[in-house]
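A.B. asks: My questions will all concern the structure given below.
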Amino acid sequence: MSGLKDLQQLCNTVRKDIVRMIYTAGSGHPGGSLSSVEIMVSLYFTDIFRCFPEDPDNPARDRFILSKGHAAPLQYSILARKGYFPVKELESLRTFGSPLQGHPNMKKLSCLDCSAGSLGQGLSIANGIAFSFKHTHRTPRVYCLMGDGEQQEGQIWEAALFAAQNKLDNVCAIIDCNGIQLDGSVKDIKNMEPLDEKWHSFGWNVIKVNGHDISALHKAYKQSETHLGVPTVILAATTKGKGVSYMENQAKWHGTAPN
């Protein structure tokens, strides 16, 4: 794993990218992008996620599904900083003709593993890819990042049952548990707690972790690799809008651009 201080500095850089991109575009979703930064940095910039920016279609690569598609600015920053396309292109977020659409579009940006928009669909896509890997005896893993408000979608739980029944231990789901969705707290809108017990009862290996602790996240990812026979879900406790003081824990910054 790269040095912890270097990864923490990279998190700061990614957060700056996110705020600049959304400010320049005049629209976007800062809250849930900022809360998931360490989740993505600890995945892409350590020894966890196998990817080949110089050969993005390499069949040996792991797959990443961004189910919470409104966090596209985060994904774009990670991909640019990883070398998939020039960092300068981040300035084109949400502009006409740009490959960096408001939600990920794999027909516009070829290094994506899926398009995203409607919530609740990502885990089903991840399952389908992982299921095919199992039947073709291929070894890549599939990671899927979801939001905690997204857990209110019924399709999530259908997908959870499928993955457990088919022993998809090559699937690792990560839930950004920042406690806030579009217009209020998850608890007040439709309380999903106890989320850990729900996932466990659906047959998943459950790991709870501080979603801003890079070392703890890395350890959780490693544990998911070695826990065989069942899929793993990582419940990452985070702060909405992390890193921008006036955005933190404020529902209005779910989808508002700074002026």
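The values are calculated or read from the model by the stated rules, or taken from the named source; none is laboratory data. As the structure is a prediction and not an experimental result, all values here were calculated from the model. Glycine also receives a Cβ, built like all others from the backbone with ideal geometry; neighbour counts cover every protein chain displayed. Keep in mind that these areas ignore ligands, DNA and RNA; they rest on the heavy atoms of the full protein, side chains included. Shrake-Rupley method; radii C 1.70, N 1.55, O 1.52, S 1.80 Å.
A.B. asks: Give the peptides 86-95, 59-68, 172-181 in descending order of average Cβ contacts within 10 Å, highest first.
C.D. replies: Going from most to least packed, we get 172-181, 59-68, 86-95.
A.B. asks: Would you please give the residues with an amide H less than 5 Å from that of Gly147, counting only those at least 5 places away or on a separate chain, with H modeled from the backbone geometry?
C.D. replies: Long-range HN contacts for Gly147: Lys68, Asp176.
A.B. asks: Another one. What are the lysines whose alpha-carbon lies under 24 Å from the alpha-carbon of Lys219, with same-chain residues fewer than 8 places away excluded?
C.D. replies: Lys5, Lys68, Lys82, Lys167, Lys198, Lys208, Lys240, Lys242
A.B. asks: Heavy atoms of the protein only, probe of 1.4 Å, neighbouring chains included. What is the accessible area of His227 in Å², nearest 10?
C.D. replies: So the heavy atoms of His227 present about 80 Å² to solvent.
A.B. asks: Just to verify a number: FRET efficiency for Phe96 and Asp57, C-beta to C-beta distance, R0 = 30 Å, to 0.05?
C.D. replies: The computed FRET efficiency comes out at 0.65.
A.B. asks: Further question: So which trypsin sites (Lys or Arg not before Pro) in the range 166-259 end up in coil per DSSP with only 16 or fewer other C-beta atoms within 10 Å?
C.D. replies: The qualifying sites are Lys167.
A.B. asks: Could you work out what % of the accessible surface of the chain is carbon and sulfur, using a 1.4 angstrom probe and leaving DNA, RNA and ligands out of the count?
C.D. replies: Taking all protein chains in place, the chain shows 50 percent carbon and sulfur surface.
A.B. asks: Only bridges with both residues in the chain count here: give the DSSP antiparallel percent, nearest 5.
C.D. replies: 10 percent
A.B. asks: Oh, and also: Sorted by average packing, counted as other Cβ atoms within 10 angstrom per residue and highest first, what order do 103-110, 27-34, 13-20 take?
C.D. replies: Listed from highest to lowest mean packing, they are 27-34, 13-20, 103-110.
A.B. asks: Here's a follow-up. Highest mean first, how do 128-134, 38-44 rank when packing is the count of other Cβ atoms within 10 Å averaged over residues?
C.D. replies: Packing order, densest peptide first, comes out as 38-44, 128-134.
A.B. asks: How many Å² of accessible area per residue for the range 100-259, probe 1.4 Å? Intermediate values should be presented prior to the final figure.
C.D. replies: Values: 7340 Å² over 160 residues.
Computed with neighbouring chains in place, this is 46 Å² per residue.
A.B. asks: From largest to smallest, what semi-axes in whole angstrom does the chain give when each is the square root of 5 times an eigenvalue of its alpha carbon gyration tensor? Could the numbers behind the result be given before it?
C.D. replies: Details: eigenvalues 133, 94, 60 Å².
The three semi-axes for the chain are 26, 22, 17 Å.
A.B. asks: Could I ask something else about it? Provide the per-residue ³J(HN,Hα) series for the range 217-228, in order, calculated from phi with Karplus coefficients 6.51, -1.76, 1.60 and θ = phi - 60°, each as a whole number of Hz, with x at glycine and proline positions.
C.D. replies: Rounded to whole hertz, the list is 5, 4, 4, 5, 4, 4, 5, 5, 5, 9, 8, 9.
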